[in-house]
1. Just wondering, is there one or more residues in the range 7-19 that are assigned to a loop (DSSP other than H, G, I, E, B) and under 24 Å from Ile115 (Cβ atoms)?
2. Give the residue that is nearest to Val62 (Cα to Cα), with candidates limited to residues of the range 83-103 that are open to solvent by 40 Å² or more (accessible area, probe 1.4 Å) and β-branched (Val, Ile, Thr).
3. For the range 67-82, what are the residues that are part of a strand (DSSP E or B) and surrounded by 19 or more Cβ atoms within 10 Å (Cβ to Cβ)?
4. Of a type outside the set (Ser, Thr, Tyr) and open to solvent by less than 60 Å² (accessible area, probe 1.4 Å): is that true of Gly108 in this structure?
Amino acid sequence: GYPTVYREFMHNIIQAGVSSVVIPVPAPANIGSKMLAYLLDREDIPTADLIFIDGNHDYDDVRADIHNYFPLLSPNGLMFGDDFGWAGVKKAVTEFAGEHGMTVLSPGGRTWLMI
C-alpha cells in the first residue's frame, strides 16, 4: 500500500541522487495534475522532461490522466506508461497520440511511449 511503496520510492530516489529533479506526488492522479499545474503556473517548478502514467486501466481514466498531464511536459518531453496490453490503456494512448500527430511505441507490448 501507499506508506510502504512511497517510502521505498523515496529511498530509491535519494539513493539514486535525483531528489533535486524528481517531484513525488502522493495523491490521486487528477489532484496531482492540478497541484503540479498550479506550481507550474506560479513558476515554482519547470515543465517536466518525463511523465510516467500508471494508473487505472479504464479508458476514461487513462484518457483523463494523459489529457491532464500532457500540458505539464516540456516541448521535448516524453510521456510514457505501463500496461499497454489493457484495452482501455491502448485505446486511450493510441487515440491521444493520433490526435496530436504523435506515434506510439510499445517495445515488448507492455510499456508505451508517445513520440
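The values are calculated or read from the model by the stated rules, or taken from the named source; none is laboratory data. Predicted model, so just to flag it, every value in this text is computed and none were measured. Note that each Cβ is placed from the backbone with ideal geometry, even for glycine, and that neighbours are counted across all protein chains shown. Note: accessible area is taken over every heavy atom of the protein model, side chains too, but ligands, DNA and RNA are not part of it. Shrake-Rupley method; radii C 1.70, N 1.55, O 1.52, S 1.80 Å.
1. Yes, some residue in the range 7-19 is assigned to a loop (DSSP other than H, G, I, E, B) and under 24 Å from Ile115 (Cβ atoms).
2. Thr94
3. Result: Met79, Phe80, Gly81.
4. no
Table: residues versus (1) over 22 Å from His100 (Cα atoms); (2) charged (D, E, K, R); (3) touching a residue at least 60 places away in the same chain (Cβ under 8 Å).
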{"residue": "Glu8", "(1), (2), (3)": "yes, yes, no"}
{"residue": "Ile31", "(1), (2), (3)": "yes, no, no"}
{"residue": "Asp44", "(1), (2), (3)": "yes, yes, no"}
{"residue": "Ile53", "(1), (2), (3)": "no, no, no"}
{"residue": "His67", "(1), (2), (3)": "no, no, no"}
